[in-house]
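First up is the structure itself, then whatever we jot down about it.
The values are calculated or read from the model by the stated rules, or taken from the named source; none is laboratory data. All values derive from a computational prediction rather than experimental measurement. Every residue, glycine as well, gets a Cβ built from its backbone with ideal geometry; the counts of neighbours run over all protein chains shown.
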Amino acid sequence: MLAEEQIQKIELKADEIRKDVIKMLMAAGSGHSAGSLGAADVFATLYFSGGLNWDPTDPWNPDRDRVIVSNGHICPVWYATLAHAGAFSHELLETLRKLGSPLQGHPHYRELPGIENTAGPLGQGLSQAIGQALAARMDTSGYRVYCFLSDGELQEGQNWEALLFAGDNHLHHLTVIIDRNQIQIDGYTEKVMPVEPLVNKLQAFNWQVVEIDGNNVAEIDKALNKIKTTIDLPTVIVAHTIPGKGVEFMEGNYLWHGRVPNPIEGAVALRELRSLWGKIVSESD
């Protein structure tokens, strides 16, 4: 478990990642704000708590843990996290969505160190992650597979077939992290097509389920440690997050799912993230 000092460092790292996300999206002029900001605490904890077996200096080591991001539209937070981890130059973040850049609007397999899947059409990533987990079992390898899903994706049937398969095959080294932020591009999930009672459904599909505050680093770390003691079932972490976390005018508003801030809005967002309502995040910029 993380000490309080370590938790604070990861919280600060998450806010630095959020600032990068805002800058990237403003430079690109397109992309997805709300989900990227909301998921920053989960990404920061996964990559900087010491629990992920992945080395940016040896990113394709066959024994590495795999991270699959099915909801590829939140790739700005993944790119920023990987840059902070030392996978590639921080300056490259400025090229998001530019022609010829490896930082495309959805991740592309192995275009950058740490990018383990190509995303775009939602609902595909879990099946890819299951394939990785099955390969680990067949090869008697010890790596773990982590798969990020959006809650909106759970409106697609392929995910439920995949969940059924993984539960039936007891893929205990597979962990799914659902970003339960309650929004999608055309509204709030429970108004567009409800997925509740989500926990009961997942348990019925033979998964261990852990519900957490996905913006609380201590809770995220506790959940990530708990899954490593599971020796029978795959695990779903239902991470309740606030879309647009850290930027008051974005928080909880589905309209920011696929929208980016204009220069004035971006300046306000960076000011809020820099001070974090009175807590100084950094002296930079």
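A few comments on the model shown:
- Residue match in segment 134-144 (condition: in contact (Cβ under 8 Å) with a residue 12 or more places away in the chain, within 16 Å of Val236 (Cβ to Cβ) and assigned to a helix (DSSP H, G or I)): no
- Strands (runs of 3 or more DSSP E) wholly inside segment 166-285 containing at least 1 residues that are free of Cβ contacts under 8 Å to residues at least 60 places away in the same chain and under 21 Å from Val69 (Cα atoms): 208-213
- Some residue of segment 48-60 being surrounded by 20 or more Cβ atoms within 10 Å (Cβ to Cβ), touching a Phe, Trp or Tyr at 6+ places or on another chain (Cβ under 9 Å) and not in a loop (DSSP other than H, G, I, E, B): no
- Residues that are small (Gly, Ala, Ser) and either assigned to a helix (DSSP H, G or I) or more than 18 Å from the chain's Cα centre (by Cα) (or both), drawn from segment 145-165: Gly152, Gly157, Ala162
- Filtering Ile74, Ile68 for residues that are in contact with a helix residue (DSSP H, G or I) (Cβ under 8 Å, 6 or more places away or on another chain), among the β-branched types (Val, Ile, Thr), within 20 Å of Arg110 (Cα to Cα) and not in a helix (DSSP H, G or I) leaves a single hit, Ile68.
- Each residue in segment 77-89 was checked for being over 17 Å from Gly105 (Cβ atoms), free of Cβ contacts under 8 Å to residues at least 60 places away in the same chain and either of a type in the set (Asp, Glu) or part of a helix (DSSP H, G or I) (or both), and 1 pass.
- Screening the candidates Ile185, Ile212 for the property of being touching a His at 6+ places or on another chain (Cβ under 8 Å) and more than 22 Å from Arg259 (Cβ to Cβ) yields one hit, Ile212.
- Residue check for Thr95: modelled with pLDDT of 95 or more, buried (at least 22 other Cβ atoms within 10 Å of the Cβ) and of a type in the set (S, T, N, Q): no
- Residue in segment 236-245 that is surrounded by 15 or more Cβ atoms within 10 Å (Cβ to Cβ) and more than 16 Å from the chain's Cα centre (by Cα) present: no
- Search result, residues across segment 25-47 that are part of a loop (DSSP other than H, G, I, E, B), surrounded by 24 or more Cβ atoms within 10 Å (Cβ to Cβ) and not hydroxyl-bearing (Ser, Thr, Tyr): His32, Ala39
- Residue in segment 121-129 that is touching a strand residue (DSSP E or B) at 6+ places or on another chain (Cβ under 9 Å), more than 26 Å from His257 (Cβ to Cβ) and in a helix (DSSP H, G or I) present: no
- Boolean, Glu190 is among the acidic types (Asp, Glu) and within 17 Å of Gly35 (Cβ to Cβ): yes
- From the list Gly105, Gly131, Gly86, Gly120, the one residue that fits, being surrounded by fewer than 23 Cβ atoms within 10 Å (Cβ to Cβ) and at pLDDT below 95, is Gly120.
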